[in-house]
1. How far is helix 2-16 tilted off the main Cα axis of the chain, in degrees rounded to 10, range 0 to 90?
2. What nm distance separates the two modelled labels at S72 and N198, each placed 7 Å from Cα along Cα→Cβ?
3. Pick out which of N103, N195, N143 has the largest mean-square fluctuation in a Gaussian network model of the chain, springs linking Cα atoms closer than 10 Å.
4. Let me check I've understood the local charge: for Y125, count other residues with C-beta under 11 angstrom from its C-beta, Lys and Arg +1, Asp and Glu -1. What total comes out?
5. On a straight-distance basis, which aspartates and glutamates could pair with K112 in a cross-link, Cα separation under 16 angstrom, same-chain partners fewer than 8 positions away excluded?
6. With +1 on the Cβ of every Lys and Arg and -1 on the Cβ of every Asp and Glu, and nothing else charged, how large is the dipole of the chain about its Cα centre, in debye rounded to the nearest 20?
7. Add -39500 (n - 2.57) for each DSSP H run of 4 or more in the chain, then divide by its residues: what number comes out at 222 nm, to the nearest 500 deg cm²/dmol?
8. Given points 7 Å out from each Cα along the Cα-Cβ axis, report the Y35 to I61 separation in nanometres with one decimal.
Amino acid sequence: MKKIILISTVVACATFSTLASAARVGGYAGLGVGYGLIKTPGHQAFNITGGGTSSRKRGGISGRGFAGINISPCLGFEIGYAYYKPSYYKGTTAAGYSLMQYNVRTYDIEAKAYLPIPRTGFDAYALAGCARVAETVRYPNSNVPLSGAIASPTNVGGNTYAYKTRPLYGLGVMYTFNPCISANIEGTQIRRLGNFQNSANAIPFVNLITANVAYHFG
């Protein structure tokens, strides 16, 4: 199926290359900023009784740096590093205060297949590859028990770490202003691994939507 999609993209690109501005061949580098979501469970992590309070927050401003090369107007390769706004849970009672915070950064590599949109200057594209997910779970426990929705980290009172390689895919649209500058909007998702009720080191879905600017060399 992937081969059919790639072949179809190349054929379509060749058909429209005289009608639209396809991706420029050569190297590029850029930066992006947008909304990132470490998709940990959406309910409360701590068991609050006796007038205590709890809160949670998932998602926020995140960013990515990247560099790549387009080997043809229809096919390119890219590497990147992304930082995501931490996802956290807090619980407070008369007995104390507890925090569980998930921090994620990723290193990724992917192939990009471009499809020019005729007479617009835009290119749509799809990407697929893999990401090395580096996850840190902070859990300074101060006597507020977990609710059971999220497993307790193995290193209670400190940090635990997980490093996994996961599939990554996404879609985007790019506009080329001139031979040196392009901008694009891109959405990606990294696949999860494991269950949070069974393991605090499970890897969640990691979503990122960014607006990016790139400089093209040569």
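1. 40 degrees
2. A separation of 4.3 nm, rounded to one decimal place.
3. Largest GNM mean-square fluctuation: N143.
4. Details: positive: K112; negative: E78, E110, D123, E186.
So the surrounding residues net to -3.
5. Partners within reach: E78, D123, E186.
6. On the way: 19 positive and 6 negative charges, 72 e Å.
Its charge dipole is roughly 340 debye.
7. Values: 1 runs with 15 residues, N = 218.
Value at 222 nm, helices only: -2500 deg cm²/dmol.
8. For Y35 paired with I61, the spin-label model returns 1.5 nm.
None of the figures in this text is laboratory data; all of them are computed from the coordinates on show. A quick note: this is a predicted structure, and the numbers were derived from the prediction, not measured. Reconstructed Cβ throughout: ideal geometry from the backbone, glycine too, with neighbour counts over all protein chains shown.
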